[in-house]
1. Scan the range 46-101 residue by residue and report those that are among the hydroxyl-bearing types (Ser, Thr, Tyr), closer than 20 Å to Asp34 by Cα and touching a residue at least 40 places away in the same chain (Cβ under 8 Å).
2. So Pro127 fits all but one of (1) outside any strand (DSSP E or B); (2) under 20 Å from Ile162 (Cβ atoms); what number is the exception?
3. Yes or no: Ala93 assigned to a helix (DSSP H, G or I), modelled with pLDDT of 85 or more and under 26 Å from Ile10 (Cα atoms)?
4. Please enumerate the residues belonging to the range 40-65 that are farther than 14 Å from His124 by Cβ and surrounded by fewer than 19 Cβ atoms within 10 Å (Cβ to Cβ).
Amino acid sequence: MESLYAPWRIQYILAPKPAAGEISIFFDIGQSNDDEANYVIARERLCYAILNTHPYTGGHLMVVPYRQVPDLQDLTEDEMNGMMKLVRRCQAALTRVMKPDGFNIGINLGRAAGAGIEQHLHIHIVPRWAGDTNFMPVIAGATVVPEALRDIAAKLRAALAI
């Protein structure tokens, strides 16, 4: 049997996870000025967009409010509107840059729903292609991302700057 390796995932698996109420990595990234190192591709007044470093597919983005809140009910109307506008901009940029056949756009609220960082709400934007589901996630527990995150982030930053 052959082994398939996804060594970048071990950083996420082994990293300490903040307890509910603690400051999340999203909060820290939101306050950082190093957008390249953190794969931030766009910043707006109340939220920002970031490339997922543990993606389901290439181009998997997240839109995150600067303010750390765990639930939609905790967002202000302005935050909600700002996030949805940035989701729409990111979807358009992904369409221009990566030409997907469709998208999964959603929010996981709470551990039972699959939230990996449950204390800081975020919206996933996952580009999808016809036939992109294969044996890798099922058999190997890994996904294949054919392009470096740094390169995807640069292309998307350029597309969002338009």
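1. Residues of the range 46-101 that are among the hydroxyl-bearing types (Ser, Thr, Tyr), as a first pass: 48, 53, 56-57, 66, 76, 95.
After this cut, where a residue has to be closer than 20 Å to Asp34 by Cα as well, the list is 48, 53, 66.
Listed by number, the list holds a single entry, Thr53.
2. For Pro127, the failing item is (1).
3. Numbers: assigned to a helix (DSSP H, G or I): yes; modelled with pLDDT of 85 or more: yes; under 26 Å from Ile10 (Cα atoms): no.
No.
4. Arg43, Glu44, Arg45, Leu46
The values are calculated or read from the model by the stated rules, or taken from the named source; none is laboratory data. The shown structure was predicted, so the numbers you read here are calculated from the model rather than taken from an experiment. Glycine also receives a Cβ, built like all others from the backbone with ideal geometry; neighbour counts cover every protein chain displayed.
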